[in-house]
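Student: Sharing a structure, written as structure tokens. Questions coming.
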Amino acid sequence: MTEKTIALVTGAARGLGLETGRQLAGLGITVLLGARRADEAQGAAGGLRAEGLEVELVQLDITDPGQIETARQQIETRYGRLDILVNNAAIKHPEERLFENSTLSISEAALRATFEVNFFGTVAATRAFLPLLRKSEAGRIVNVSSMMASLAIHSDPRHPMSDVKPFAYDASKAALNQFTIHLAAALRHTPIKVNAAHPGWVRTGIGGDEAPMEPEEGARTAVRLATLGPDGPTGKFFHFDQELPW
Ligand SMILES: NC(=O)c1ccc[n+]([C@@H]2O[C@H](COP(=O)([O-])OP(=O)(O)OC[C@H]3O[C@@H](n4cnc5c(N)ncnc54)[C@H](OP(=O)(O)O)[C@@H]3O)[C@@H](O)[C@H]2O)c1
């Protein structure tokens with residue numbers, strides 16, 4: 001019997017994280033749903049179990065080093081390794097609106113709080129889980145980014161997105177993209193693949209009610225990158241199977 005694939009999705013109590021967990025579990029993968037308020041996430045996990053999916057809740061605030069370490073120990077004790085890490089957890093600070101340029105208005109506290117989750121928390125969690133991913137035969141890391149991270153898009157005044165500049169969010173995701181490139185390079189002699197995903201504009205907490213896409217469609221890019229075969233890319237940025245400019 002082949003061993004089951006083990007995946008951890010951060011920020012998986014709702015939105016794209018929950019849907020990514022659902023789709024990965026639907027492929028027969030054992031999915032650990034990371035949730036910073038695990039008590040509130042019981043209903044979401046129960047809903048997936050009621051669909052016959054194999055999921056577990058893991059208490060995980062990615063800005064809390066103690067919770068990262070406890071989660072690492074739990075996964076090591078129970079499974080001995082991790083095959084897939086989807087770094088989905090993120091915030092868009094309430095001071096920022098999606099369609100405004102907040103470069104001059106956002107407070108330093110909000111700027112730092114955004115980086116704390118979207119960049120520092122994601123880097124800390126990834127580095128902590130890396131020893132478990134190295135034990136996998138085919139480790140996959142997916143950083144859920146955004147096309148709003150793209151320097152190529154933001155520096156082109158003719159691009160339709162160029163007026164959309166929530167500064168903290170965009171800058172934190174640009175830093176995450178740089179992490180994607182650097183980490184993929186650091187791991188290039190291993191089987192581990194590291195890629196960044198743009199889900200699309202999706203109706204969730206971050207995407208808001210105006211967004212045209214449903215989480216079911218939005219989760220597909222991360223799921224594809226989480227399940228790449230041995231010949232798949234690493235150190236790239238995708239929306240569905242289309243490569244995006246950094
Ligand atoms: N929706 C879009 O249009 C869109 C577009 C491009 C990229 N994205 C990216 O897609 C990913 C998922 O976002 P979403 O759209 O599904 O938004 P969402 O519904 O707001 O979900 C964000 C998730 O992140 C979790 N989270 C926030 N801070 C955390 C922390 N410190 N530790 C652990 N979890 C934390 C939230 O947990 P709580 O439930 O506890 O708050 C929530 O589960 C994000 O990386 C986002 O940047 C979204």
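The values are calculated or read from the model by the stated rules, or taken from the named source; none is laboratory data. This one's a predicted model, so the numbers in the text were calculated from it and none came from an experiment. All Cβ positions, even for glycine, are placed from backbone atoms using ideal geometry, and neighbour counts span all protein chains on display.
Student: Spot the failing condition for Gly139; the list is (1) away from the ligand (no atom under 16 Å from the Cβ); (2) surrounded by fewer than 22 Cβ atoms within 10 Å (Cβ to Cβ), and only one is missed.
Tutor: Among (1) away from the ligand (no atom under 16 Å from the Cβ); (2) surrounded by fewer than 22 Cβ atoms within 10 Å (Cβ to Cβ), Gly139 violates only (2).
Student: Return the residues of the stretch 10-53 that are modelled with pLDDT of 95 or more, under 17 Å from Gly121 (Cβ atoms) and not in a strand (DSSP E or B); say none if nothing qualifies.
Tutor: Hits for the stretch 10-53 are Thr10, Gly11, Ala12, Ala13, Gly15, Leu16, Gly17, Arg36.
Student: As an exercise: evaluate Arg78 against (1) within 15 Å of the ligand (Cβ to nearest atom); (2) under 30 Å from Thr190 (Cβ atoms); (3) not in a loop (DSSP other than H, G, I, E, B) and give the number of the one condition it does not meet.
Tutor: Unmet condition: (1).
Student: Name the pairs: first residue in the stretch 58-83 and closer than 20 Å to Asp39 by Cβ and surrounded by 16 or more Cβ atoms within 10 Å (Cβ to Cβ), second residue acidic (Asp, Glu) and modelled with pLDDT of 95 or more, Cβ to Cβ under 7 Å, at least 6 apart or on different chains?
Tutor: So the pair list comes out as Thr63/Glu116; Gln67/Asp61.
Student: Would you pick out the residues in the stretch 233-246 that are under 15 Å from the mean Cα position of the chain (by Cα) and outside any loop (DSSP other than H, G, I, E, B)?
Tutor: Residues satisfying the conditions are Phe237, Phe238, His239.
Student: When the residues of the stretch 211-232 are narrowed to those that are closer than 20 Å to Ala149 by Cα and in a loop (DSSP other than H, G, I, E, B), which ends up nearest to the ligand (Cβ to nearest atom)?
Tutor: Looking at the filtered set, the residue picked out is Ala211.
Student: Among the residues of the stretch 88-113, what is the count of those that are within 10 Å of the ligand (Cβ to nearest atom) and buried (at least 18 other Cβ atoms within 10 Å of the Cβ)?
Tutor: Of the residues in the stretch 88-113, 6 are within 10 Å of the ligand (Cβ to nearest atom) and buried (at least 18 other Cβ atoms within 10 Å of the Cβ).
Student: Considering Arg158, Arg134, Arg188, Arg203, which residue is within 14 Å of the ligand (Cβ to nearest atom) and without any contact (Cβ under 8 Å) to a residue 60 or more places away in the chain?
Tutor: Exactly one residue qualifies, and that residue is Arg203.
Student: In the stretch 23-45, how many are without any contact (Cβ under 8 Å) to a residue 60 or more places away in the chain and within 16 Å of the ligand (Cβ to nearest atom)?
Tutor: Of the residues in the stretch 23-45, 15 are without any contact (Cβ under 8 Å) to a residue 60 or more places away in the chain and within 16 Å of the ligand (Cβ to nearest atom).
Student: Something else about it: With the requirement that a residue be farther than 19 Å from Ala90 by Cα and either buried (at least 17 other Cβ atoms within 10 Å of the Cβ) or under 13 Å from the mean Cα position of the chain (by Cα) (or both), what does the stretch 203-227 give you?
Tutor: Once the filter is applied, which keeps residues that are farther than 19 Å from Ala90 by Cα and either buried (at least 17 other Cβ atoms within 10 Å of the Cβ) or under 13 Å from the mean Cα position of the chain (by Cα) (or both), the stretch 203-227 yields Arg224, Thr227.
Student: List every residue pair whose Cβ atoms sit under 7 Å apart, with the two residues 6 or more apart in sequence or on different chains, where the first one lies in the stretch 104-119 and is free of Cβ contacts under 8 Å to residues at least 40 places away in the same chain and the second, anywhere, is away from the ligand (no atom under 12 Å from the Cβ).
Tutor: Close Cβ pairs satisfying both conditions: Ser107/Glu95.
Student: If Ala7 satisfies all but one of (1) under 13 Å from the mean Cα position of the chain (by Cα); (2) away from the ligand (no atom under 14 Å from the Cβ); (3) farther than 22 Å from Ala124 by Cβ, what's the number of the condition it fails?
Tutor: Going through the list (1) under 13 Å from the mean Cα position of the chain (by Cα); (2) away from the ligand (no atom under 14 Å from the Cβ); (3) farther than 22 Å from Ala124 by Cβ, Ala7 breaks only (3).
Student: If you check Leu98 against the conditions, is it of a type outside the set (Ser, Thr, Tyr) and modelled with pLDDT of 95 or more?
Tutor: no
Residue by residue, here is whether (1) over 14 Å from the mean Cα position of the chain (by Cα); (2) hydroxyl-bearing (Ser, Thr, Tyr); (3) under 22 Å from Asp241 (Cα atoms) holds:
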position: Ala171; (1), (2), (3): yes, no, no
position: Ala174; (1), (2), (3): no, no, yes
position: Ile181; (1), (2), (3): yes, no, yes
position: Ala185; (1), (2), (3): yes, no, yes
position: Thr190; (1), (2), (3): yes, yes, no
position: Ala197; (1), (2), (3): no, no, yes
position: Gly200; (1), (2), (3): no, no, yes
